[in-house]
1. In Å, what Rg and Dmax follow from the Cα atoms of chain A?
2. For the range B:50-114, max minus min Cα coordinate along each principal axis, in Å, sorted largest first?
3. How large is the charge dipole for chain A, taken about the Cα centre, if only the Cβ atoms of Lys, Arg (+1) and Asp, Glu (-1) carry charge, to the nearest 20 debye?
4. From a point 7 Å beyond the Cα of B:Arg128 in the direction of its Cβ, which residues of the range B:166-184 have a backbone N at a distance under 15 Å?
5. Taking every Cα atom in the range B:1-131, find the radius of gyration and the maximum pairwise distance Dmax, and write them in Å.
6. Label points 7 Å out from Cα along the Cβ direction at B:Ala265 and B:Leu59: separation in nm?
7. What dipole magnitude, in Debye to the nearest 20, does chain B give about its Cα centre under +1 on Lys/Arg Cβ and -1 on Asp/Glu Cβ?
8. Can you pull the mean other chain C-beta count within 10 Å for peptide A:264-274?
Amino acid sequence: MSQAPPLIETDDVVLHFPVSGGGALGLTRRAVKALNGVSLSVRPGETIGLVGESGSGKSTLGRALLGLETVTGGHIVFDRAAVTGGKRQELSKIRRETAMVFQDPLNALNPRLTAGEAIAEVLRVHKKVPKDKITDRVAELLQMVGLDPALSARRPQALSGGQCQRVGIARALAVEPKLIVADECVAALDVSIQGQIINLFLDLKEKMNLTLIFIAHDLAIVRRLCDRVAVMYLGRIVEEGPTEAVFSAPRHPYTAALIESIPEIDPTVSLPDAPMQGEPPSPLNLPSGCSFHPRCPYAEPQCSRDPPPTLRRRDDHGWACILDPGQLPRPQTATRLQNA
Amino acid sequence: MSTPLLKVDGLTVETKTETGTHRIVDGVSFELQKGEILGLVGESGSGKTMACRALLRLLPSSRLSIPKGSVRLDGKEVMDLPEDQFRAIRGKRIGMIFQNPASHLDPVMRIGDQIAESVRFHHGGSKRAAEERTIELLQQVGIPDPKERSRAFPHEFSGGMRQRAMIALALACDPDILIADEPTTALDVTVQAQILRLLKELRDARGLSIIFITHDLGVVAQLCDSICVLYGGRVCEHGPKERLLAAPRHPYTAGLMGCQPAIGATGERLRTIPGYPPTVDAMPTGCRFHPRCSNEVAECSRRQPPLEAYEPDHVAACYNPVGEAAALPAKESA
């Protein structure tokens, strides 16, 4: 494991969105508590998966990392520049050195620009190459993401979803970023195209030593692509560690329940007879103590009483739970892979 | 074998566009037995949703038409029934649930009232009886405090609860068949597991037959008894789940299984299908999968392969199926 300083680091980041209309006369101030103390560090060249159910704050964290949301508390530092300070110079460094890939590839592209123009725009704004070299660079970028440069004259409507997503990735690569945040970038694609994009990321990761923060709800994809994974629940990281360690022996009951809920293609591995009950509570109204306790089969009285557990660490694997390692049953998939 | 509950034969849907008439569903046939869960699997544009909407005559646009096809319910042809008689089948014999329940529930009507309305429309009876039935239904689909919750509006329900309410609405008329169009795609995995379990319980408890439309082979493997794979509006493979997943015959089915990120180690490349699914106005000739197929032979681009039986109930439409030595010379080797 490299001991390079982290490329991006967050320290106890809190982000609350105020909303109106609480209480009897709409006078109570309420807030959607999207992030509640997130500490995470990503080293250069690492691919980290952020997973969790809807409302877990994974997208908000991704946006906050790039300075696209103003945090309520805590610090984010990108390559020695403070994202959270809001200083013009530092923000412009972040804009020049990071990029984002979005979920809906068609809506993320300007419908009036051709694929080539959309990429050239990035090159021009960031002055990445001299004017006369732009066309060549566009063709190179399109090839890098596996698109025929002849497609550069097409507008997004004339491209398929998978092709649009490749253009979106080419735009991100045009910045020559140190960090890419990909937010559910394969969720809207067909299964056969999803695989192509995952392979593309795996290739790019190898060739360009990309640092990638991959936000997804699909754990199988994260397991395939990411070196490390951070599991979020209601604005907190509940477990974090090397992908294989987390998937084969989860230490937080929420991670274990998530893994059990993935439908396996092997008909001999069945879904749990008693799936985890309920749905995540509203981030407007967080449960006391550990916010997972109302759904947790292992909850003790202290879980609802004491402040939420902080991340305990052992051999690079952190978990925020009172349970000790080995107290949770190993997922079916892990045992099966071992026997195979 | 007994008469299947539902037999769809040669169902075809056409769309008229500026570029001409295109077949988006082309001769789809399948059978559904009582108590069976059939998975209709395919990517976008494969015609899986259109085929099911066509058999309910719920085509979303007047540009779409059904030039041919037969749908038999209990052995009785229903395709040529006039609309007023067909209404006794839609909803009452065959219910449907959708991917996004929020857009299929009336936002300004209480959940309970919507279900009671459906009960009274199909079964008549008093208001009181309909209300009791509604509460019973909500309880069956696992909504806690059904009496209280029946007074709620759809926006007061979470995504999973709305899908449960939608299922209760579809069950209100005690249908024999439930068509479920990607009902869990928009839900979180933990909630998806709950809904899949609920559907299985409903099948076991009341012998409900389910057509489950999905793109997720994992869901199919967990829930369904048999699988029908569609590509470009045609059936390319159909068979019992265990056989089809263990020994897929059609290269597309095999390709879809290879795309599953769950099988394999971190960092390992996925075996993918090259290219993109075809669009309606540019369907390839012959077998519609041939431009993306690794098993292509010369015949593939010329003629549409017929469905051939490998086991009595396992059929695939391919000239050069997976798992067999190529019967015809490969195109490139010539």
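Readers should treat all values here as calculations from the given coordinates under stated rules, not as data from a laboratory. This structure is a prediction, so every number in the text was calculated from the model and none was measured. A quick note on method: Cβ atoms are made from the backbone with ideal geometry, for glycine too, and the neighbour counts reach across all protein chains shown.
1. 21.2, 68
2. Sorted largest first, the three principal extents are 38, 27, 20 Å.
3. 1160 debye
4. Residues passing the 15 Å test: none.
5. When restricted to the Cα atoms of the range B:1-131, Rg and Dmax are 16.9, 55 Å.
6. It is 5.2 nm.
7. For chain B, the charge dipole is close to 400 debye.
8. 6
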